[in-house]
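Please read the structure below before turning to the comments.
The values are calculated or read from the model by the stated rules, or taken from the named source; none is laboratory data. Note that the structure is a prediction, hence the values are computed from the model and not measured. Here Cβ is always computed from backbone atoms with ideal geometry, including for glycine, and neighbour counts include all displayed protein chains. Note: areas computed on protein heavy atoms with side chains; ligands, DNA, RNA excluded. Shrake-Rupley method; radii C 1.70, N 1.55, O 1.52, S 1.80 Å.
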Amino acid sequence: MKNLLYSCILLCNFLAFSQGDATLHTLYPVNYFQNPLDIPLVLSGTFGELRSNHFHAGLDLKTQQKEGLNVFAAADGYISRIKISQWGYGKALYIKHPNGFTTVYAHLQKFNAQIEAYIKKQQYKKESFEIQVFPSSETLAIKKNDVIALSGSTGGFVGPHLHFEIRNTKTEKPINPMLFGIQVSDSKKPRINTLIGYPLDNNSQINGIGIPTKISLIKLKNGELQAQKIKALGKIGFGINAYDQLDGAYNKNGLYNLSMIVNGEKVHEFEAASFSFSESKYINLLIDYERFAKSKQRIQKCFIEPSNKLSLYHKSLNNGYLTIKDGLNYTVEIIAKDFEGNQQKVTIPIVGKKDTILVTNTPKITNYKINRSLFNKFNANGITVAFPKNTFYNNFYLDFEVKDSIVKVHTPTVPLNKKYTLTFDVSKYSKVEKKQLYIASINTKGKTSYEKTVKKETTFYTSTKKLGNFILLNDLKKPKVNLHNFKNEQWLTYFKKLKIKISDDESGIKSFRGEIDGEWILLEYNVKNGILTYNFSDKTFTSVKHNLKVVVTDNVGNTNTLNATFFRKK
């Protein structure tokens, strides 16, 4: 493996910690490993960042937009899990350490020689590129600073970087790695961009308005922010859009701590220290989900919605709700902090005053009322939608209609707690027609995407957490499969890799299988460019002429087969 050009070394000596009864925010490093190359770490992503439907569970380390840099083990342990998938973490390693923590290294290009040989043996045994195995403690022992892999960009449409996590081995909860002594250069304050005020019931108002309201901000000479004085009454809350930046990087990262102080008393505090993966979905209640769906701006609320079960709050008096009384004055301070303690504050002066509410939120009334605590099922023109109990977090009227073969299941402005079922009556179609049909979602730009379609004799259904438009589509086209880096009947003696390009314009690729001389071969699939790659080092060839066969199948069962011949000296 090549020498390290840019540091992907993880410099935390968390072996000094014991989990005991200590709370996360009191775990401070005793000491940490010194960087042998004395090159600082630069992050492109921080722990707890607000992502689509989840919190970021680790740190993203920059690799100069390159792949193939050495990745080192943070401490002694053993490889307890290896997972390879086309999406998600791509190629990932999990190292279990003797102190009760596990480190995770993701989006890797390849593993070291020992791990690579071990996992390829398992892949060939299973005849599958995607795989997950759990080696025993004796199989792949690791010492601190061992080179365990090369950095990459595997796992969907991601750029080159290393994703690194520290988890509690017993609970699987990810913990902010910065708490273990990783050091990065950060002298920049977070930046608060937008302040939103929320009237939280029908009798509440902000400046005579009964719907979420943007509040103007003025930047003071000391860098802090001052909101315009607002008139309010009743139950209200606040939220902000903010980001943090580190030295040497332009990436907009998440906050470590967000607190709210009212008349000198801290009433609400969020801190990105640790969470469980099962609660990550509640991010859609932490943010203003409707605003994000419409404008792609994430507003982090300084109050807790009733169904929000996040454990990331240190304190929240009355769940962060403020009750503003007529004739009283209030001073609210919202403070955004990064891990190093850099902060920006916005001060909001409030006077309690009752005004006539000029603007209110009037929901659209339909025939389809969702009662979140009950099972809800509706039918229209051969289409059925069925929502299990607690699919949604709140009660509301569902906008459901079927028009010109397009099914509208509300708009994607409401967060879901679990999947619902969308069913199409397909009894009017012939057996041949049904084979080519599938359910697709339609995004706001009109692009269709395959939804996993379960086919019964007279109905097709899909289970999804998407709201919006859906349609039944017909896919008559075979996937495309072509030779990429060589031609048929070419000599490939000095080639290290063989590449095939695959694609599908409609329902999408479901599976592929490659064989050389009738034996299964490991093809690595790059979803970014549609390239299947075979490494010639996987097999010792004993003859000169070889037959390649690649079979690609799409999501409705259309299949295309590529047959080719190549020559290679023994």
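Observations, loosely collected:
- Residue in region 533-544 that is touching a residue at least 60 places away in the same chain (Cβ under 8 Å) and either within 30 Å of Ser449 (Cα to Cα) or in a strand (DSSP E or B) (or both) present: no
- With respect to the conditions (1) within 29 Å of Leu246 (Cα to Cα); (2) surrounded by 15 or more Cβ atoms within 10 Å (Cβ to Cβ); (3) touching a helix residue (DSSP H, G or I) at 6+ places or on another chain (Cβ under 8 Å), His161 falls short on a single one, namely (3).
This table checks each residue for (1) open to solvent by 30 Å² or more (accessible area, probe 1.4 Å); (2) over 24 Å from Gly58 (Cα atoms).
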| site | (1), (2) |
| --- | --- |
| Lys214 | yes, yes |
| Ala227 | no, yes |
| Gly239 | no, yes |
| Gln245 | yes, no |
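- Qualifying residue in region 204-211 (condition: without any contact (Cβ under 8 Å) to a residue 60 or more places away in the chain, surrounded by 15 or more Cβ atoms within 10 Å (Cβ to Cβ), of a type outside the set (Gly, Ala, Ser) and assigned to a strand (DSSP E or B)): yes
- Members of region 191-208 found to be more than 30 Å from the chain's Cα centre (by Cα) and among the polar types (S, T, N, Q), listed by number: Asn202, Asn203, Ser204, Gln205, Asn207
Residues checked against (1) within 21 Å of Asn284 (Cβ to Cβ); (2) of a type in the set (A, V, I, L, M, F, W, C):
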position	(1), (2)
Ile439	no, yes
Asn443	yes, no
Gly446	no, no
Thr453	no, no
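- Looking only at region 412-436, and only at residues there that are in contact with a strand residue (DSSP E or B) (Cβ under 7 Å, 6 or more places away or on another chain) and open to solvent by 50 Å² or more (accessible area, probe 1.4 Å), the one that is nearest to Pro363 (Cα to Cα): Pro412
- Failed item, numbered, when Asn488 is tested on (1) in a strand (DSSP E or B); (2) open to solvent by 60 Å² or more (accessible area, probe 1.4 Å): (1)
- Scanning region 363-383 for residues that are among the hydrophobic types (A, V, I, L, M, F, W, C), assigned to a loop (DSSP other than H, G, I, E, B) and closer than 23 Å to Phe424 by Cβ returns a single hit, Phe375.
- Pairs, first closer than 30 Å to Thr356 by Cβ in region 234-247, second basic (Lys, Arg), C-beta under 8 Å, six or more apart: Gly237/Lys301; Phe238/Lys301; Gly239/Lys301; Asn241/Arg298
- Among the candidates Ile175, Ile192, Ile196, Ile215, residue that is farther than 17 Å from Asn241 by Cβ and among the aliphatic types (A, V, I, L, M): Ile175
- Taking every residue in region 112-127 that is within 15 Å of Asn70 (Cβ to Cβ) and pairing it with any residue that is of a type in the set (D, E, K, R) and open to solvent by 30 Å² or more (accessible area, probe 1.4 Å), at least 6 positions away or on another chain, the pairs with Cβ-Cβ distances below 7 Å are Glu116/Lys110.
- Selection status of Leu50, in contact with a helix residue (DSSP H, G or I) (Cβ under 7 Å, 6 or more places away or on another chain) and open to solvent by 10 Å² or more (accessible area, probe 1.4 Å): yes
- Test: residue in region 366-386 that is open to solvent by less than 80 Å² (accessible area, probe 1.4 Å), among the aromatic types (Phe, Trp, Tyr) and either under 29 Å from Ile206 (Cα atoms) or in contact with a Lys or Arg (Cβ under 8 Å, 6 or more places away or on another chain) (or both): no
- Only residues that are among the aliphatic types (A, V, I, L, M), under 17 Å from Gln132 (Cα atoms) and not in a strand (DSSP E or B) were counted in region 90-115, giving 1.
- Lone qualifier among Ala386, Ala336, Ala293 - being assigned to a strand (DSSP E or B), of a type in the set (Gly, Ala, Ser), within 30 Å of Ala272 (Cα to Cα) and under 27 Å from the mean Cα position of the chain (by Cα): Ala336
- In region 329-350, the residues that are within 9 Å of Lys189 (Cα to Cα) reach residues that are of a type in the set (Lys, Arg) and open to solvent by 40 Å² or more (accessible area, probe 1.4 Å) with C-beta atoms within less than 7 angstrom, at least six apart or across chains, in these pairs: Asn342/Lys188; Asn342/Lys189; Gln343/Lys189; Gln343/Lys337; Gln344/Lys189; Gln344/Arg191.
- Within region 292-309, the set of residues being farther than 20 Å from Ile334 by Cα, crowded, with 16+ Cβ neighbours inside 10 Å and touching a residue at least 12 places away in the same chain (Cβ under 8 Å) comprises Ala293, Asn308.
- Checking Phe129 against (1) farther than 26 Å from Phe180 by Cα; (2) under 20 Å from the mean Cα position of the chain (by Cα), the condition it does not meet: (2)
- Hits in region 461-485 - residues which are open to solvent by 70 Å² or more (accessible area, probe 1.4 Å), assigned to a strand (DSSP E or B) and out of contact with any Lys or Arg (no Cβ under 9 Å at 6 or more places or on another chain): Asn474
- Test: residue in region 320-335 that is in contact with a strand residue (DSSP E or B) (Cβ under 9 Å, 6 or more places away or on another chain), closer than 30 Å to Asp244 by Cα and surrounded by fewer than 15 Cβ atoms within 10 Å (Cβ to Cβ): yes
- Of everything listed in (1) open to solvent by less than 30 Å² (accessible area, probe 1.4 Å); (2) among the β-branched types (Val, Ile, Thr); (3) out of contact with any Ser or Thr (no Cβ under 9 Å at 6 or more places or on another chain), the single unmet condition for Thr102 is (3).
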